[in-house]
1. Going by how many other beta carbons lie within 10 Å of each one, how would you line up 12, 350, 326, 357, fewest first?
2. Of all DSSP beta bridges located in the chain, what percent are antiparallel, nearest 5?
3. Grab the DSSP H runs of the chain that are 4 residues or longer, score each as -39,500 (n - 2.57), total them, divide by all residues and round the 222 nm result to the nearest 500 deg cm²/dmol.
4. Only counting other Cβ atoms within 10 Å, I'd like 115, 351 sorted with the fewest neighbours first.
5. If you average the C-alpha positions of the range 194-254 and of the range 116-132 separately, how far apart do those two centres end up, in angstrom?
6. Sort the range 38-289 into rounded, prolate or oblate with this rule: let a ≥ b ≥ c be the square roots of the eigenvalues of the Cα gyration tensor; rounded if a/c is under 1.5, and if a/c is not under 1.5, prolate when a/b is larger than b/c, oblate otherwise.
7. Using Cβ contacts closer than 10 Å as the measure, can you line up 129, 192 from fewest to most?
Ligand SMILES: Cc1ncc(COP(=O)(O)O)c(C=O)c1O
């Protein structure tokens with residue numbers, strides 16, 4: 001097998017001043033300059049609405065569906081365009097069956113977008129939420145598999161946990177879900193774009209991702225892939241664009257109960273976002289051009305090296321395969337000051353703090369100088 005190629009420095013595509021070390025993609029991925037210019041062009045067209053055409057309403061959303069389908073190895077027909085991960089999980093909670101005595105399985109400390117809709121579903125149906133606590137001594141997948149029972153109705157998990165990057169083997173969890181007749185819902189907002197996702201192998205019932213993190217796309221756009229068996233379900237909104245024949249603006253008053261095909265009925269109202277959609281298209285094209293395998297391999301190698309250097313400073317970092325390759329967290333050594341995050345921010349080194357540890361999530365726009373700034377700053381502080 002040929003090793004996956006490593007991608008060189010891509011900083012020139014972004015707008016990151018040299019004195020800023022932005023190592024915080026898990027919080028907010030920066031957009032590329034080109035994408036921001038497309039947003040500006042979209043806004044200009046809203047100044048001159050006669051320049052808008054049916055391509056903006058229909059062709060661009062279809063292009064997004066096709067690109068996202070390539071990214072996750074699903075079909076374009078199954079892609080829905082929504083504004084947030086919470087919205088996508090709400091589609092899932094509206095449509096997946098649960099009932100008294102059935103369990104909805106989530107991880108402890110999971111992101112709230114993938115918790116609140118399930119709490120509501122549990123309250124409405126009498127189902128119970130089962131929370132899986134991960135252990136540093138066991139692979140996260142094992143903890144999840146151990147918690148699945150014949151009563152499990154829905155497994156609603158991330159791919160990489162947002163607090164510490166704990167990695168789940170979704171193919172194995174998908175197999176187990178099918179064995180017990182449970183649905184698998186994945187919030188992959190912290191992995192898609194930086195880690196391969198194979199919908200054909202994993203067979204999620206519903207997959208959702210925000211685009212503003214590892215996809216490096218705009219805020220307020222998220223993408224869902226919905227398995228064929230749920231595509232005739234109930235959308236969150238009854239949008240006119242989601243109905244058959246909506247392309248013919250002259251005949252929209254020929255009301256119909258027939259939806260557009262595939263997962264299009266689940267699109268958010270006004271999904272044809274002229275400002276953000278072109279930026280998302282350009283970004284998805286760039287990710288596919290780099291290749292997600294290559295992005296993942298590049299970030300994996302760089303993070304492993306960074307983890308070693310952090311270890312030399314006394315930090316403890318979970319290792320692969322416990323953590324996802326693109327997702328580094330570091331627990332400070334005993335006696336380190338409690339305000340490391342603030343001190344780093346003052347020096348223009350940007351990471352996050354989640355719980356007890358720093359979350360350090362570089363991307364292709366980071367280089368050795370950014371890493372050196374982080375390590376140098378931490379070495380001075382501890
Ligand atoms: C795992 C995960 N899901 C979703 C989101 C964002 O959710 P939403 O799009 O509902 O705002 C985040 C943001 O940090 C996240 O970490």
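Derivation of every value follows stated rules applied to the coordinates shown; laboratory data play no part. Just so we're clear, the structure is a prediction, and the values are computed from it rather than from any experiment. Positions of Cβ are backbone-derived with ideal geometry, glycine not excepted, and every protein chain shown enters the neighbour counts.
1. Working: 12 9, 350 18, 326 26, 357 21.
By the 10 Å Cβ count, ascending, the order reads 12, 350, 357, 326.
2. On the way: 20 of 40 bridges.
In the chain, approximately 50 percent of DSSP beta bridges are antiparallel ones.
3. Numbers: 11 runs with 128 residues, N = 382.
One gets -10500 deg cm²/dmol as the mean residue ellipticity at 222 nm.
4. On the way: 115 20, 351 26.
The most exposed by this proxy come first: 115, 351.
5. Each part's Cα centre sits 24 Å from the other's.
6. On the way: a/c = 2.31, a/b = 1.58, b/c = 1.46.
In terms of gyration-tensor shape, prolate.
7. Working: 129 16, 192 28.
Neighbour counts put them in this order, fewest first: 129, 192.
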